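**Q** My questions will all concern the structure given below.
Just so you know, all these numbers are worked out from the coordinates, no wet-lab data involved. Every value quoted in this text rests on a predicted model; they were computed, and no experiment measured them. Positions of Cβ are generated from backbone atoms using ideal geometry, with glycine treated the same way; all protein chains shown enter the neighbour counts.
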Amino acid sequence: MIKAAKKAIHAVCGEANVTDEELMTAFIGAESLLNSRPIMYQTANPCEETPLTPNHFLYGQVGGTFAPDSVDKTEFQPKKRWRRVQELISHFWRRWLKEWLPCQNVRSRWNEEKRDLKVGDVVLAISSDLPRAHWPLGRITEIYQGKDNHVRVAKVQVWQNSLLPPANKLIHLDVV
């Protein structure tokens, strides 16, 4: 995770024209995003909307408020640099998701038998159209197997909604 974060920060901020304060703000924004990732549910209730995150250990809560994920495009000089920093944080978020999430859901050839997803598993549902710092954590309520008897699609309860993503878009979280 640290390697992916460093790579994303370097790719996004490496050639950026930012001051020291703006760079520090971008780093703090990236840190907030990384530490908002869910580890598991706080309770056994799958309807619980607040998952346990690294911020709970650092701050005793989910974390501070995030800067808005949409960047105002109107021209207004005093906010121009702030918008640039927000764009850097958004670029970091997209890049980090592209590089870190696939590492969490490694799909190697089935040379050896691996555990399939099953009903009751806690998973992260990956979606490219999610806003910044939004982690859809849910529980599998139903599974659908392919012809080879491996899980290919799962019905996931995410808060009050049900999703039906393919198994390769789900990251299993080990709940202790």
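**Q** Using only alpha carbon pairs under 8 Å that are at least six residues apart, calculate the relative contact order of the range 122-173 and give it in whole percent. Walk me through the numbers on the way to the answer.
**A** Details: 89 pairs, mean separation 19.6, N = 52.
Relative contact order, the range 122-173: 38 percent.
**Q** Hey, another quick one. Could you list, in their original order, any pairs among Lys98/Lys118; Lys114/Lys155; Lys3/Lys114; Lys7/Lys98; Lys3/Lys155 whose Cα atoms are separated by more than 23 Å? Don't skip to the end; give the middle numbers.
**A** On the way: Lys98/Lys118 26 Å; Lys114/Lys155 20 Å; Lys3/Lys114 26 Å; Lys7/Lys98 11 Å; Lys3/Lys155 32 Å.
In this structure, Lys98/Lys118; Lys3/Lys114; Lys3/Lys155 lie more than 23 Å apart at Cα.
**Q** Please give, to one decimal in nm, the separation of the simple spin-label points placed at Gln104 and Leu58, each 7 Å out from Cα toward the Cβ.
**A** It works out to 1.5 nm between the two label points.
**Q** Using the Karplus curve 6.51 cos²θ - 1.76 cosθ + 1.60 with θ = phi - 60°, what ³J(HN,Hα) values do you get for each residue of the range 147-163, in whole Hz, with x for Gly and Pro?
**A** 5, 8, 6, 9, 5, 10, 9, 9, 8, 10, 8, 10, 6, 9, 9, 10, 10
**Q** Still on this structure: Quick one: which residues, 5+ away or cross-chain, put their amide H under 5 Å from the amide H of Met40? H built at 1.01 Å from N.
**A** Placed amide hydrogens put Leu52 under 5 Å from Met40.
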